[in-house]
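Chemist: Encoded as structure tokens, here's the structure I'll be asking about.
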Amino acid sequence: MSKGLITASALALSTAFSSGLAAQGFPEKPIQVIVPFAAGGQGDVMARLVIKRIEEMDLLEQPMVVVNVPGGAATIGMRQARQADADGHTLLYIHQTMMTSELTGVLDFSYAELEPVAETNFSCLLTATAEGSGIADAEDWIAQTKATPGGVKEATLVGSIAHFTTEMFAKAADMKVGYVNAGGGADRIASILGNHTKSAVVVATPVVRNPKLSALVYYGEDRHPELPDTPTAIELGYDVVSCLDNIWYAPAGTPDDVVAKLAGVFEQVTQDAELIETIEAKGDEVLFVAGDDLKSRLAAIYEDLSAVAGNLK
């Protein structure tokens, strides 16, 4: 073996050894999980459910502690996580909001500047309408929207994943929706229930629970189990999938073996039947993805969102 190869091999072994040491004794202190929303929201609830079960299963030597950092349309918490020490003791729990914030210019860095550890749960979105809207089903909504471009009004939150979702569908269906900036999910539902607008993109749970609401299009890969009569966008002929994929991120530069240890913890907890039942009862679905598969999944989601970002400005 040449001197160069010996040196390279020694360096590789040294690097692997040093990296391997990083996870020894980790975590050395409580792990802070930044949730960039106020306490009590869906994201906060889901993060706490996962963390609670990790503690009950004794999967980590130190506790995980939720730190709610609302404000700035979630950007304050995202920035804090990005600037935290890259030692695995600070995580960020966030969905596509980090991507949409970047694409609309609200956030000055990319989701790719953090290290994705694992996805543990998701919920897909749908387009809903309400009694008295005059919209019978998905085909009727599409037909009316095409007949009067911009005239069929949708309650949205400008720049949000709800807004992006409708734009992705509108692009695929070659139609133009008119938007009313109503606000968050509860405000959008109030808007359609009051017949101020015709449609809104929301999560499935309120539609399942309120008989005055009905789903037009579901943006999951398969039909929602509690909305068996609602077609997916794919079934309608439009290749649109849009969900809230909840990802646990670490600051860039976090040692690989620390990331791997954390991912292993999330893999174990997402196999737990009790957690699966609890998460599903709250309206999400459990899904574990990590490593290169997760990075590829995120890149594909980002590409879909990027394709319509210019339409929102």
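The values are calculated or read from the model by the stated rules, or taken from the named source; none is laboratory data. Not measured: the values here are computed from a predicted model. FYI the Cβ positions are ideal-geometry reconstructions off the backbone, even for glycines, and counts take in every protein chain you see. Just so you know, the surface numbers come from the protein's heavy atoms only, side chains and all, with ligands and any DNA or RNA stripped out. Shrake-Rupley method; radii C 1.70, N 1.55, O 1.52, S 1.80 Å.
Chemist: By how many nm would the segment from R297 to I76 grow when fully extended, if each residue of separation counts as 0.36 nm and the alpha-carbon distance is taken off?
Modeler: Going from the current span to full extension adds 77.0 nm.
Chemist: Further, regarding this structure: Which lysines, on any chain, are close to K295 with Cα under 25 Å apart, when same-chain ones fewer than 8 places away are left out?
Modeler: Output for K295: K261.
Chemist: Just report the Cα centroid separation between region 247-295 and region 174-210, whole Å.
Modeler: 31
Chemist: Determine which aspartates and glutamates satisfy two conditions relative to K176: a Cα distance under 13 Å, and not lying fewer than 8 residues away in the same chain.
Modeler: Once the sequence-local aspartates and glutamates are set aside, what remains near K176 is E154, E167.
Chemist: Another question about this same structure. How big is the dipole moment of the chain about its Cα centre under a simple scheme where the beta carbon of each Lys and Arg is +1, that of each Asp and Glu is -1, and everything else is neutral? Debye, nearest 20, please.
Modeler: Taking the Cα centre of the chain as origin, the dipole is about 960 debye.
Chemist: Keeping every protein chain present and rolling a 1.4 Å probe, give me the accessible area per residue for the chain in Å².
Modeler: Here the per-residue accessible area is 45 Å².
Chemist: Let me ask you something else. Which ³J(HN,Hα) values, rounded to whole Hz and listed in residue order, are derived for region 71-86 from phi using the Karplus coefficients 6.51, -1.76 and 1.60 in 6.51 cos²θ - 1.76 cosθ + 1.60 with θ = phi - 60°, glycine and proline given as x?
Modeler: Values per residue, Gly and Pro as x: x, x, 6, 6, 6, 5, x, 5, 5, 4, 5, 4, 8, 6, 4, 8 Hz.
Chemist: Let me ask something additional. Check cross-link reach from K212 to the lysines: straight Cα distance under 20 Å, and skip same-chain residues fewer than eight apart.
Modeler: K153, K198
Chemist: Probe radius 1.4 Å, ligands and nucleic acids ignored: give me the carbon and sulfur share of the accessible area of the chain as a rounded percent. Don't skip to the answer; put the middle values down first.
Modeler: Working: 7410 of 14160 Å².
Its accessible area is 52 percent carbon and sulfur atoms.
Chemist: Grab the DSSP H runs of the chain that are 4 residues or longer, score each as -39,500 (n - 2.57), total them, divide by all residues and round the 222 nm result to the nearest 500 deg cm²/dmol.
Modeler: The helix contribution divided over the chain gives -13000 deg cm²/dmol.
Chemist: Rounded to the nearest 20 debye, what is the charge dipole size of region 243-313 about its Cα centre when +1 sits on each Lys and Arg Cβ and -1 on each Asp and Glu Cβ?
Modeler: With Lys and Arg at +1 and Asp and Glu at -1, about 400 debye.
Chemist: Treating only the Cβ atoms of Lys and Arg (+1) and Asp and Glu (-1) as charged, compute the dipole magnitude of region 170-218 about its Cα centre; round to the nearest 20 debye.
Modeler: Dipole magnitude for region 170-218 comes out near 60 debye.
Chemist: Figure the gain on full extension for D58 and D140 (residue separation times 0.36 nm, minus the Cα-Cα span) and round it to one decimal in nm.
Modeler: Details: separation 82, 0.36 × 82 = 29.52 nm, distance 5.20 nm.
Length difference between fully extended and current span is 24.3 nm.
Chemist: Could you order V286, V33 so the one with the most accessible surface comes first? Probe is 1.4 Å.
Modeler: V286, V33
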